[in-house]
1. Output yes when any residue across region 170-184 is part of a helix (DSSP H, G or I), modelled with pLDDT of 85 or more and open to solvent by 70 Å² or more (accessible area, probe 1.4 Å), and no when none is.
2. Taking region 644-660, which residues are in contact (Cβ under 8 Å) with a residue 40 or more places away in the chain and surrounded by fewer than 24 Cβ atoms within 10 Å (Cβ to Cβ)?
3. Filtering region 333-377 down to residues that are farther than 13 Å from S688 by Cβ and acidic (D, E), which residue is modelled with the highest pLDDT?
4. How many residues are polar (S, T, N, Q) and surrounded by 15 or more Cβ atoms within 10 Å (Cβ to Cβ) when one looks only at region 380-408?
5. Are there any pairs, at least 6 apart or on different chains, whose C-beta atoms fall under 8 Å, with the first in region 36-65 and part of a helix (DSSP H, G or I) and among the acidic types (D, E) and the second open to solvent by less than 30 Å² (accessible area, probe 1.4 Å) and at pLDDT 70 or above, and if so, which?
6. Considering only residues that are in a loop (DSSP other than H, G, I, E, B) and under 18 Å from T508 (Cα atoms), which ones fall in region 417-448?
7. So, T230, is that one part of a helix (DSSP H, G or I), more than 15 Å from Y608 (Cα to Cα) and either modelled with pLDDT of 85 or more or touching a Phe, Trp or Tyr at 6+ places or on another chain (Cβ under 6 Å) (or both) or not?
8. Read through the list (1) at pLDDT 85 or above; (2) more than 30 Å from P154 (Cβ to Cβ); (3) of a type outside the set (K, R); (4) surrounded by fewer than 20 Cβ atoms within 10 Å (Cβ to Cβ), then give the number of the only condition that C12 fails.
Amino acid sequence: MAQALYRLGHWCVRRRRVVLGAWLAVLVAAGVWAHAANGSTSDTFSIPGTESQHAIDQLAQRFPKESGTTMQIAVQAPAGKKISDVISAAQVQSGLDQLKVLPDVVMPSNPKSLVTVAPDGRTAFVEIRFDKPVADVSTQGIRDIIDTTQRTVPPVLKVEFGGDPVERALKTSAPPSDVIGLGVAVIVLLIAFGSIIAAGLPLFTALIGVAIAVFGISALSAFTNLSDVTPTLAVMIGLAVGIDYALFIVTRHRGFHARGLSPAESAARATATSGGAVVFAGSAVVIALVGLAVVGIPFLTLMGLCAAGAVALAVLIAITLVPAMLGFAGENIDKLSIPGMKVSTGEDAEVERSSSGRFAKAITDHPVPYLVVGIAIVGLLATPLLAIRLGLPDDGSKPTNSTQHQSYEILSEGFGPGFNGPLTVVVDLDHPSDASAALKAIDSIASNDADVAAVAAPVINQSGNTAVVTVVPKSAPASSATEDLVHRLRSELRGSAVTSTGARVLITGTTAANIDISAKLGAALPRYMAFVILLTMFLLFLAFRSILVPIKAAIAILLSIGASLGIVVAAFQWGWGDHIIGVDSTVPIVSFVPLMMFGILFGLSMDYEVFILSRVREHYVRKGDAHRAVLDGLAGSARVITAAALIMISVFAAFVLGDDVVIKMFGIGLAAAVLIDATLVRMIIVPSVMTLLDKAAWWLPRWLQRMPDLDVEGAKLLDRLESDDAVHASEREISLVPTPVG
């Protein structure tokens with residue numbers, strides 16, 4: 001691999017104009033394709049294989065009027081007054097008549113039947129049903145409903161709106177988190193390199209990769225249903241790894257160049273050494289993200305594939321465009337230095353005298369206490385993970401000033417918290433011996449449950465083969481009591497009183513669907529974890545020709561992931577520091593966040609693992625001193641690892657500024673994970689363990705030593721090149737010696 005990357009690096013420097021032109025052509029083509037496709041993402045998705053999805057599919061087939069999406073209008077009178085004191089029945093009828101003529105709206109013959117007034121008379125609720133899924137409902141139509149309602153209802157009444165269509169229609173542009181993250185990255189790169197050219201190069205190449213990825217995702221969304229989170233997640237990961245991968249190669253290039261090598265040769269050697277680490281680290285990220293396909297949930301598979309595509313682009317750009325740009329920079333890589341800032345090459349010849357060298361020496365001289373303290377801190381941070389509760393966000397988790405949150409609060413106050421998450425019981429009446437008895441049994445079982453607030457009269461389709469019964473829980477949609485109720489009703493409604501009639505019962509609705517999603521994701525997590533861990537360990541085994549290094553790496557990564565998820569639980573589920581991150585109430589952990597974070601973090605952690613260990617192995621292969629290899633490898637990579645981690649942390653943390661709770665969780669979780677991984681795990685726990693293992697870390701059974709050596713770290717290649725350098729230098733010295741006369 002090192003030899004192949006070395007040749008590729010040389011070729012890219014020589015053909016730098018071709019390489020740059022090719023990438024710019026890809027960028028333009030992707031942009032044109034995205035514009036022509038005119039796709040859009042959606043916040044709706046299906047979960048095949050779950051009861052709720054089966055019920056939704058059945059409704060779509062037999063009862064289309066009940067299968068579309070809905071929005072809610074919540075109306076509240078001032079304290080001490082009733083709705084009827086402020087608005088007349090004629091005004092209500094007039095407002096509903098104006099709504100029923102709007103596009104996609106499905107209204108019964110008597111629209112007033114849609115109006116439900118709370119027992120106290122102060123709160124009213126209107127449900128507007130559409131004949132299409134939320135992704136197909138016109139956003140302008142939703143805005144027309146909102147405008148018509150606000151124009152019709154007297155100003156003295158408080159009117160708020162909720163539901164998925166409202167979320168889609170009123171979606172505002174998020175803060176420019178990527179720009180903020182880039183701003184911090186610029187500062188970090190300037191401090192790390194002390195040169196504007198060296199700092200700007202990773203930013204330029206990373207932005208090209210992210211732009212191509214975003215255009216590609218936009219075009220893809222025209223052909224398949226992509227989650228709203230997908231492009232944001234791809235930008236987060238693509239930007240972070242794109243800058244980091246380029247940073248690794250540029251740092252190594254400057255080190256080689258400082259030794260007197262030509263820009264072309266130093267760029268080729270940097271591509272051969274750090275480029276190998278980039279390829280393996282990127283492969284681990286891609287494997288982890290593509291592995292989401294084993295979960296069997298389409299929207300997660302597509303999300304993982306899009307993010308993996310962004311990472312793959314970052315790898316390709318790092319080993320092609322970066323050396324080409326280094327060729328353009330030539331001898332000017334360290335020009336335009338910042339006044340008063342020492343230009344660092346990233347390579348310190350006197351390791352022990354540098355700050356990173358002194359830190360590395362302290363770790364390698366006293367590995368046991370550092371290891372104990374590091375593991376204790378990580379374990380403490382991971383403790384909240386034991387109390388994790390999975391769910392999906394509802395309108396109650398929206399910002400308090402949003403109309404969705406206000407609607408949620410009005411309905412909770414007037415009707416009870418369960419009114420925001422009703423359950424839809426779908427009854428298959430195709431072959432019942434007594435349909436009436438089946439419906440009465442369902443009503444009796446649901447009404448007698450202590451956690452049910454109300455049971456609506458059944459609605460039967462025209463064919464008479466399907467009925468829908470709405471059950472309102474007493475507890476909030478995201479509460480554990482509601483989850484228990486769903487499981488209990490499913491069990492009891494399949495009891496003899498109902499099934500003996502031949503009727504089949506399914507429970508769906510947003511609340512039930514969220515519970516099913518969480519259950520399926522929770523069941524898939526162990527399978528996914530095993531897939532990612534085993535495959536990544538195999539990659540590390542190939543890369544480092546060691547049995548213990550991959551095992552140690554997997555354990556270390558699990559520690560950092562556990563600690564970061566513990567911080568997410570403390571912040572969002574327990575509410576520690578919730579106002580700091582812009583969350584107004586505690587929420588369960590979004591069900592797919594732990595699974596996605598595991599895949600992303602297991603891959604991203606490989607960046608630092610591979611980069612540090614490739615330097616350690618390089619020193620060990622060339623000198624044979626395991627203890628010294630840990631010291632030199634850690635000291636030589638500490639500065640660039642710190643810079644890379646700061647960039648990733650700033651990029652991820654910047655996304656906390658938006659309103660989307662899912663993006664906030666990813667931002668907090670990924671930023672915390674990188675901070676823990678780059679400090680406690682990679683800089684303390686890993687070198688401590690490597691020091692204690694000594695030469696045993698690189699043990700490989702004799703029968704496995706016949707396997708090909710991929711030379712990822714490029715140690716053998718460097719030995720050969722440096723030997724050639726020495727020969728050439730000797731030949732030059734001989735040629736300068738005067739030839740004796742006679």
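The values are calculated or read from the model by the stated rules, or taken from the named source; none is laboratory data. From a predicted model like this one, the values you see are computed outputs, not experimental measurements. FYI the Cβ positions are ideal-geometry reconstructions off the backbone, even for glycines, and counts take in every protein chain you see. The protein model used for the area step is the full one, side chains on, heavy atoms only, and it has no ligands, DNA or RNA in it. Shrake-Rupley method; radii C 1.70, N 1.55, O 1.52, S 1.80 Å.
1. Within region 170-184, the first condition is being part of a helix (DSSP H, G or I), and the residues that meet it are 177-184.
Applying the additional criterion that residues be modelled with pLDDT of 85 or more yields none.
There is no residue in region 170-184 that is part of a helix (DSSP H, G or I), modelled with pLDDT of 85 or more and open to solvent by 70 Å² or more (accessible area, probe 1.4 Å).
2. L646, S650, A653, V656, L657, G658, D659, D660
3. Looking at residues that are farther than 13 Å from S688 by Cβ and acidic (D, E), I get D334.
4. 6
5. Filtered contacts from region 36-65: E51/R490; E51/L506; E51/I507; E51/T508; E51/A512; E51/D516.
6. The answer is G421, P422, L429.
7. Against the criterion (part of a helix (DSSP H, G or I), more than 15 Å from Y608 (Cα to Cα) and either modelled with pLDDT of 85 or more or touching a Phe, Trp or Tyr at 6+ places or on another chain (Cβ under 6 Å) (or both)), T230 does not qualify.
8. With respect to (1) at pLDDT 85 or above; (2) more than 30 Å from P154 (Cβ to Cβ); (3) of a type outside the set (K, R); (4) surrounded by fewer than 20 Cβ atoms within 10 Å (Cβ to Cβ), C12 is out only on (4).
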